[in-house]
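These notes concern the structure reproduced below.
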Ligand code: IPE
Ligand code: IPE
Ligand code: MG
């Protein structure tokens with residue numbers, strides 16, 4: 001059930017090289033900001049008779065591949081959903097495993113990401129994360145804060161609704177303190193209160209794993225994002241698949257409520 005990705009992989013095997021594919025994609029507009037809901041890790045593992053944790057581990061490898069190719073393509077922002085505010089509902093064992101995994105990945109990958117000019121930005125509540133993860137997260141953000149090749153937003157304990165509530169609360173406070181008036185509340189002000197403040201909205205959202213929903217991800221920011229859903233599980237996603245999705249994106253016409261360009 002790979003759809004266009006599957007067909008593309010066949011074609012790729014026969015008569016073109018990966019470099020040809022990159023060149024083809026680079027001829028057209030590259031999205032500035034791409035968001036990913038990294039889903040399907042557990043089912044990927046189950047299909048192989050492995051524990052769910054193996055799926056999460058395999059998923060990290062794909063994220064690294066995606067960051068690398070994104071840099072090569074000149075993508076400026078990647079936002080990736082690693083743990084939602086709803087994921088705390090999972091069994092304690094899985095939550096603990098994931099937290100340990102996040103800690104380990106930040107520790108192991110930080111220097112490399114920094115050398116590559118990646119700015120790591122954690123979006124989410126943060127307060128509820130275990131101290132070890134919080135420390136690594138702060139360290140990663142601090143160490144990479146001056147980088148500007150690629151911004152990597154990692155959504156950890158992230159929920160779109162909580163994010164909007166936080167922005168609205170801050171606005172309410174400014175209103176009470178008479179720092180702003182009612183007329184000052186507009187899209188810009190609400191956006192400024194979000195974790196993605198100063199960043200452009202995603203051009204493209206990719207959700208592997210077969211589900212066709214947003215699962216509380218970037219609710220405000222996705223207003224005009226192009227959506228791409230695929231049945232491929234996240235650990236089976238790869239850079240070739242990513243390039244094929246970008247090719248699909250490049251054929252779309254983004255009208256933003258206006259009319260087709262003549
Ligand atoms: C996504 O994969 C990773 C996280 C939510 C942390 P899942 O763990 O949701 O995998 P499935 O959807 O159960 O296959
Ligand atoms: C979304 O996946 C969250 C992450 C990928 C981190 P879920 O697996 O939690 O989403 P639902 O429960 O299927 O909507
Ligand atoms: Mg899932």
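Read-outs: derived from the displayed coordinates by stated rules, not from any lab. If you're wondering where the values come from, they're calculated on a predicted model, not measured in any experiment. All Cβ positions, glycine included, derive from the backbone under ideal geometry; neighbour counts span all protein chains shown.
Dividing the mean sequence gap of close Cα pairs (under 8 Å, 6+ apart) by how many residues the chain holds gives a relative contact order of 29 percent. Shape of the chain from its Cα gyration tensor (a ≥ b ≥ c, root eigenvalues): rounded if a/c is under 1.5, otherwise prolate when a/b > b/c, or oblate? Because a/c hits 1.5 or more and a/b fails to exceed b/c, the chain counts as oblate.
Across 193, 160, 49, mean-square fluctuation computed from a Gaussian network of the chain (C-alpha pairs under 10 Å connected) peaks at 49. Sorted ascending by nearby beta carbons within 10 Å, beginning with the fewest, 32, 79 become 32, 79. The shape of segment 127-225 comes out oblate: with a ≥ b ≥ c from the C-alpha gyration tensor, a/c is at least 1.5 while a/b does not beat b/c. Among the DSSP beta bridges whose two residues both lie in the chain, what percent are antiparallel, rounded to the nearest 5? Once the DSSP bridges in the chain are tallied, antiparallel ones form about 0 percent. Listed peptides 195-203, 239-247 appear in the order 239-247, 195-203 once ranked by packing, highest mean of other Cβ atoms within 10 Å at the front.
Segment 29-147: D in µm²/s via Stokes-Einstein (Kirkwood Rh, Cα pairs, 10 °C, 1.306 mPa s)? Translational D for this selection: 104 µm²/s. The distance linking segment 25-58 with segment 87-139 is 17 Å (Cα centroid to Cα centroid, whole angstrom).
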